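**Q** Below is a structure I'd like to ask you about.
The values are calculated or read from the model by the stated rules, or taken from the named source; none is laboratory data. Source: prediction; values computed, not measured. With ideal geometry, Cβ positions are generated from the backbone for all residues, glycine too; neighbour counts draw on all protein chains shown.
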Amino acid sequence: SQTIHQWPATLVQPVGSPLSLECTVEGTSNPNLYWYRQAAGRGLQLLFYSIGIDQISSEVPQNLSASRPQDRQFILSSKKLLLSDSGFYLCAWSGGGSYNSPLHFGNGTRLTVT
Amino acid sequence: GENVEQHPSTLSVQEGDSAVIKCTYSDSASNYFPWYKQELGKGPQLIIDIRSNVGEKKDQRIAVTLNKTAKHFSLHITETQPEDSADYFCAASMGTGTASKLTFGTGTRLQVTL
């Protein structure tokens with residue numbers, strides 16, 4: 001069966017520090033991968049998605065970037081964190097090559113920028 | 001782009017009663033409508049989804065209805081139980097390209113009381 005791992009579960013970082021969140025998927029090949037951010041009391045906002053290695057699409061301009069160095073690895077990064085980057089970050093995967101495949105989410109990383 | 005509105009933001013029902021959550025979407029091209037349940041501190045989990053060629057879908061105590069003309073869809077939970085207490089999110093996708101680019105509603109916090 002397929003599993004998705006995200007780490008760390010919680011993270012507290014000072015303003016101006018770098019960020020690296022990692023997500024890996026097991027049990028499937030060529031998945032589509034996604035990064036979402038969830039603000040308190042609001043829905044999920046799509047940040048990036050990837051349909052293949054080194055193929056990244058950005059949905060909103062921001063202080064973050066994403067990379068996919070391997071088929072089942074997705075990384076969210078920032079060179080200098082802002083207070084507004086605080087939130088709950090969720091990685092997800094769906095079946096590759098199908099635009100209406102269900103998304104399967106990891107358990108997220110709670111990021112607090114101080 | 002797509003806009004999804006969800007109501008109510010909070011819902012309290014007594015155990016055994018039914019709960020209904022409603023969503024509207026703006027883009028008539030949307031053709032995939034999943035519902036997610038999110039428990040505290042965890043990632044959202046898909047509970048049911050419906051595609052635009054179907055008007056209703058049921059899975060045990062959970063059902064979803066879709067009205068394409070009015071551009072709204074609803075989640076129905078019957079015989080609610082305490083374990084149904086969670087945040088629920090609807091979403092819509094236009095189904096273009098090769099990725100599932102979901103637009104989420106802002107969520108409904110369901111509380112089932114004894």
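**Q** Residue by residue through the range B:16-44, note down the ones that are loosely packed, with under 13 Cβ neighbours inside 10 Å and either touching a helix residue (DSSP H, G or I) at 6+ places or on another chain (Cβ under 8 Å) or among the polar types (S, T, N, Q) (or both).
**A** B:Ser18, B:Ser28 - these are the residues of the range B:16-44 that are loosely packed, with under 13 Cβ neighbours inside 10 Å and either touching a helix residue (DSSP H, G or I) at 6+ places or on another chain (Cβ under 8 Å) or among the polar types (S, T, N, Q) (or both).
**Q** Now for a different question. In the range B:1-57, what residues are among the small types (Gly, Ala, Ser) and more than 11 Å from chain A (Cβ to nearest Cβ)?
**A** Hits for the range B:1-57 are B:Ser12, B:Gly16, B:Ser18, B:Ala19, B:Ser26, B:Ser28, B:Ala29, B:Gly55.
**Q** Condition first: over 20 Å from A:Ser57 (Cβ atoms) and within 10 Å of another protein chain (Cβ to nearest Cβ). Now tell me which residues in the range A:72-108 satisfy that.
**A** A:Phe88, A:Asn107, A:Gly108
**Q** Let me ask another. Given (1) modelled with pLDDT of 95 or more; (2) of a type in the set (A, V, I, L, M); (3) more than 16 Å from A:Thr10 (Cα to Cα), identify the lone condition not met by A:Leu81.
**A** The number of the failed condition is (3).
**Q** Report those strands (runs of 3 or more DSSP E) wholly inside the range A:23-79 carrying at least 1 residues which are touching a residue at least 60 places away in the same chain (Cβ under 8 Å) and closer than 19 Å to A:Thr3 by Cα.
**A** A:32-38
**Q** Only one of A:Ser29, A:Ser65, A:Ser94, A:Ser77 is over 25 Å from B:Asn3 (Cβ atoms), touching a Pro at 6+ places or on another chain (Cβ under 8 Å) and not aliphatic (A, V, I, L, M). Can you tell me which?
**A** A:Ser77
**Q** Here's a follow-up. Among the listed residues B:Thr65, B:Thr80, B:Thr24, B:Thr96, which satisfies the condition of being at pLDDT below 95, of a type outside the set (Lys, Arg) and either on the phi < 0 side of the Ramachandran plot or in a helix (DSSP H, G or I) (or both)?
**A** B:Thr96
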